[in-house]
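The values are calculated or read from the model by the stated rules, or taken from the named source; none is laboratory data. Keep in mind that this is a model prediction, so the values were computed, not measured. Here Cβ is always computed from backbone atoms with ideal geometry, including for glycine, and neighbour counts include all displayed protein chains. Accessible surface areas use protein heavy atoms only, side chains included; no ligands, DNA or RNA. Shrake-Rupley method; radii C 1.70, N 1.55, O 1.52, S 1.80 Å.
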Amino acid sequence: MEKVHIKNNIAKFSFSRFGKYAGIVAAVVLCIFIGVSFWQSRSISPEDIAMTDAKVEREDCFLLLSGNDTLMSFRDFQGDTLFVGGKTKVIGEKSKGEGLCPSAYTYSVAGQWVNWLPVIPSCKGRLMVLKADTASLCRASSKQLHDIVARQKVWVKKQLVNIDEQQEHTDYYIRTHDVTESGFDVVTRASEYMHRSKDSLDAVAKALANIKDDAPLRLELCSRYFVWVNESEDPKARAKRVECDMVKEKNGMVVIRTKDSQKPYYLSTPLNTFNTEVIRQYLAKRQAAPKMLLPIHTRIDSVGTYIGAVDPLGDYNGYGKLFEKDGGYYEGYWLHGKRSGFGLALTPGVRMRIGEWKNDSYLGELITYTEERIYGIDISRYQHEKVVKVKKWVRNRKGKKILRVRNKVQKFNINWDDLRITHLGTISKKTISGDVNYKISFIYIKSTEGKSVKNNYYFADYKAARSRGYKVGTYHFFSTKTPGAEQAMFFLKNSRYQYGDFPPVLDVEPTAGQIRQMGGTKAMFAHIRKWLNMVEQAYGVKPILYVSQTFVNKYLPAAPDLMKNYNVWIARYGMYRPNVNLVYWQLCPDGRVKGINTEVDINVFNGFQAEWERFCSN
């Protein structure tokens, strides 16, 4: 009984002591709560808040997901119908040759340094920023995303076709030009850009092809944060860009923290993670919307991404590059928003244009003539004969003295052992480096015209040229009055083609009226194809098509198969190189050649020694 009484006394004493301490703890907690409430309710001045301003950057990209698998990432959307800047890697991953555009857009956003706990200094590198707005497509259904994927496949396929065409043009240019020529470096950079773009699009096409039709798709916005931190005691010292981890989302805000808890050395913030409403209102005032950050001299507009100088009005001006949204590319000079001066343009569906521009119009590629180029001539009976007017005073039947004029044909021989080009004509302006005393490397000789006209000097000239070691070819002058098949038979009967000769040429120079009389463009090209096919079957080599630049611009688009499958010889008398894949260029009809008494057509091979040797070997 006594033991029980002792135990009861001990229990009463322990309970009374516990109650005493519990009361003390409760009082302390109540005081802290009152103090925190008072601290939270106190007015924080704008000046105090401004001391916590942070310069934050946010990188955004959209992830295309299926379940927990990330299929690919995108920078943005084009009218909610296409993904823009698709990559097979997600934000933050790096790979060699990703192209010129980043895999994510970077924005400048307002942020505030905050403490983790009230009253107590507990920043530890914490900040608060407004939560990023998500695109409407992030709420799209799986079916809607599959529809976009289908459109994206078509778009990527089209872009790959365009890139293949442009690569052919840039590779052809590099093969036929010399590294010392103006613009060679620009084309080389463009070629490298096209190769990188193709590699990137090939990867995207493969990723899109691997998406199964029944795969559940969704989009998520992926953001990565950075803040500029000055850890030095000197407030004016240079800050460094520090990556942040996302801690949590809270009431439309995002709490982030610098890696290794870095913060400014001098920072003392009155804000904490419980001041959500105060911080949100202040951030909204600081910046209404995030501002996209771009590299210096870079802008993005409705046309595309431009890198270069601008004028005071913001128009492209000076030297710059434009990456167009439709896949086009331009590098060169601008004048108040228009391409002017030297520039290179790669446009889908259009062959490469490099050279001089004026008010957005392409003029052409300037060429400098030097002795390093490969030159040739084409001849006919006009290099053997010259009609001269002979004047003579005579008396008529009435005895009156009159002037009689008659035509006389002078005949000349060609001095085959002393042929050199000495003048490039005066019909157009040219840029010439050094003296004109050029070696002749190839000679084309006219053999026939229509189905009845023959060059009586052809066989002798053909034999003489071959015996002197010149590369020789034969050409036929196309007539719009006779069928192509009959002309081909006449040409084959009266021409020669031996091993080592250059391909035969069909010279097409009709007027608009002659084309109409022949039945129109379609009928004309039917006869041209017939001639080309018959001669190719007979000789086993594709003929070359000789036309003018006007013919190329006006009529040849109606026969894309000819443009694609046949080498072209262009007659263009001017400052600019013909804008077509050509093998020869007739630069003047009034040149002078030592050893020939009349004016001569001067031609230049489209390429230098390496390309010339390749062409000759084929």
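Quick one: which helices (runs of 4 or more DSSP H) lie wholly within the range 458-543 and hold at least 3 residues that are surrounded by 15 or more Cβ atoms within 10 Å (Cβ to Cβ) and of a type in the set (Val, Ile, Thr)?
Counting at least 3 such residues, we get 521-539.
Taking the criterion of being open to solvent by less than 40 Å² (accessible area, probe 1.4 Å) and either at pLDDT 80 or above or under 30 Å from Cys616 (Cβ atoms) (or both), the residues of the range 389-418 that qualify are Ile414, Trp416. Whenever a residue of the range 281-294 is touching a residue at least 40 places away in the same chain (Cβ under 8 Å), its partners that are loosely packed, with under 15 Cβ neighbours inside 10 Å and assigned to a strand (DSSP E or B), lying with C-beta atoms within less than 7 angstrom and at least six residues away or across chains, give the pairs Pro290/Ser108; Lys291/Ser108; Leu293/Ser108. The number of residues in the range 176-226 that are among the aliphatic types (A, V, I, L, M), under 18 Å from Arg577 (Cβ atoms) and surrounded by 15 or more Cβ atoms within 10 Å (Cβ to Cβ) comes to 3. Listed conditions (1) within 25 Å of Glu168 (Cβ to Cβ); (2) in contact with a helix residue (DSSP H, G or I) (Cβ under 7 Å, 6 or more places away or on another chain); (3) in a loop (DSSP other than H, G, I, E, B) are all met by Arg373, apart from (2).
The residues in the range 234-270 that are in a loop (DSSP other than H, G, I, E, B), under 22 Å from Thr134 (Cα atoms) and open to solvent by less than 80 Å² (accessible area, probe 1.4 Å) can be counted, and the count is 1. One residue alone among Lys240, Lys236 is more than 25 Å from Ser73 (Cα to Cα) and modelled with pLDDT of 85 or more, and that residue is Lys240. Only one entry in Ile307, Ile300, Ile296, Ile279 is touching a His at 6+ places or on another chain (Cβ under 7 Å) and of a type in the set (A, V, I, L, M), namely Ile307. Filter the range 564-612 down to the residues that are aliphatic (A, V, I, L, M), closer than 19 Å to Val508 by Cα and not in a strand (DSSP E or B) and list them by number. Within the range 564-612, Val580 is the sole residue that qualifies. Within the range 52-78, residues that are touching a residue at least 60 places away in the same chain (Cβ under 8 Å) reach partners that are of a type in the set (D, E, K, R) and buried (at least 23 other Cβ atoms within 10 Å of the Cβ) with beta carbons closer than 7 Å, at six or more positions or on different chains, in the pairs Met72/Lys87; Ser73/Lys87. Residue count for the range 59-77 under the criterion of being among the small types (Gly, Ala, Ser), closer than 20 Å to Asp213 by Cβ and surrounded by 15 or more Cβ atoms within 10 Å (Cβ to Cβ): the result is 1. Taken over the range 566-613, the criterion of being among the charged types (D, E, K, R) and either surrounded by 16 or more Cβ atoms within 10 Å (Cβ to Cβ) or touching a residue at least 40 places away in the same chain (Cβ under 8 Å) (or both) is satisfied by Arg572, Arg577, Asp590, Arg592, Lys594, Glu599, Asp601, Glu611.
All of (1) touching a residue at least 12 places away in the same chain (Cβ under 8 Å); (2) open to solvent by less than 60 Å² (accessible area, probe 1.4 Å); (3) outside any strand (DSSP E or B) hold for Asp326 with one exception: (2). For the criterion of being under 29 Å from Glu59 (Cβ atoms), assigned to a loop (DSSP other than H, G, I, E, B), open to solvent by 30 Å² or more (accessible area, probe 1.4 Å) and free of Cβ contacts under 8 Å to residues at least 40 places away in the same chain, Asp133 passes. If you go through the range 340-388 and keep only what is among the β-branched types (Val, Ile, Thr), at pLDDT 90 or above and crowded, with 19+ Cβ neighbours inside 10 Å, you end up with Ile354, Ile374, Ile377, Ile379.
Please specify each residue of the range 329-371 satisfying the condition of being free of Cβ contacts under 8 Å to residues at least 60 places away in the same chain and hydrophobic (A, V, I, L, M, F, W, C). Trp334, Leu335, Ala345, Val350, Trp357, listed by residue number.
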